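Since the structure comes first, as structure tokens, the remarks are kept for the end.
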Amino acid sequence: MELAVKTLAGKAAGNITVDDAIFGIDEIRDDILQRTVRWQLARRQAGTHKTKSRGEVNRTTKKYIRQKGSGGARHGSRNAPIFVGGGIAHGPRVRSHAHDLPKKVRKMALAHALSSKVKGDAILVLDEAVLTSAKTKELVGQFAGLGIENALIISGAAVDENFAKAARNIPNIDVLPVAGLNVYDILRRKTLVITKEAAEGIQARFDGSKEA
């Protein structure tokens, strides 16, 4: 499969050949994409939510009511969950929400995510993502010429410093190195923009030189 290459100025810069097994999948597996997005978000979840149990509440342990004759239940501590200010029964605890997902499923999901952008005509290939100066206004004009409004931009092994500084003030624009390419960020943005160097890095990633 061949994809057209453009410059930031919107001019044609030839074509590149990409692997059909990565960018040309016809039947997109939504279930695989959903599993992978869920896996990513679960790993991001902090899991720091916590309530105090009965043993962690700092209240008096003195028996506050006599054992018999009150007409009510027999209690020995105000720490019990049934009292206001007492502990919380079965409340959330600090834990990790992460779960396992096989590498081959993650690799498959990345290919399906990339193919979904090609199939939806929502991918753009740039010759390079480099600016001589970090001017946001200049970059906004170039994006407007390319029709980029909501996009994930994947640079090469490293993101150009001027490009990153100019892009970080533009809403709905994310810039990542090729190593940071992931299913969730691909799907959350309308357009996927990759450089020629990024395309080579993606191919190398699927060839097994790096974990997908």
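In table form, for the structure just shown:
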{"quantity": "Enumeration of residues in the range 118-127 that are in contact with a helix residue (DSSP H, G or I) (Cβ under 7 Å, 6 or more places away or on another chain) and not aliphatic (A, V, I, L, M)", "calculated": "D127"}
{"quantity": "Residue satisfying all of: in the range 2-28; touching a Ser or Thr at 6+ places or on another chain (Cβ under 7 Å) and part of a loop (DSSP other than H, G, I, E, B); least open to solvent (accessible area, probe 1.4 Å) among these", "calculated": "G24"}
{"quantity": "Residue pairs meeting the criteria (Cβ under 7 Å; at least 6 apart or on separate chains; first at positive phi, in the range 155-183; second outside any strand (DSSP E or B) and open to solvent by 30 Å² or more (accessible area, probe 1.4 Å))", "calculated": "N172/E149; N172/N150"}
{"quantity": "Total residues in the range 163-190, condition farther than 22 Å from K135 by Cα, over 13 Å from the mean Cα position of the chain (by Cα) and among the β-branched types (V, I, T)", "calculated": "1"}
{"quantity": "Matching residues, the range 82-116, being exposed (fewer than 13 other Cβ atoms within 10 Å of the Cβ), among the basic types (K, R) and in contact (Cβ under 8 Å) with a residue 40 or more places away in the chain", "calculated": "R93, R95, K103"}
{"quantity": "The lone exception for N79 - which of (1) in contact (Cβ under 8 Å) with a residue 12 or more places away in the chain; (2) more than 51 Å from the chain's Cα centre (by Cα) it fails", "calculated": "(2)"}
{"quantity": "Criterion: more than 14 Å from A98 (Cβ to Cβ), basic (K, R), part of a loop (DSSP other than H, G, I, E, B) and open to solvent by less than 100 Å² (accessible area, probe 1.4 Å) - qualifying residue of R59, R66", "calculated": "R59"}
{"quantity": "Matching residues in the range 78-101 - criterion: being of a type in the set (S, T, N, Q) and under 13 Å from E56 (Cα atoms)", "calculated": "N79"}
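The values are calculated or read from the model by the stated rules, or taken from the named source; none is laboratory data. Just so you know, these numbers come straight off a predicted model, no measurement behind them. Positions of Cβ are generated from backbone atoms using ideal geometry, with glycine treated the same way; all protein chains shown enter the neighbour counts. Keep in mind that these areas ignore ligands, DNA and RNA; they rest on the heavy atoms of the full protein, side chains included. Shrake-Rupley method; radii C 1.70, N 1.55, O 1.52, S 1.80 Å.
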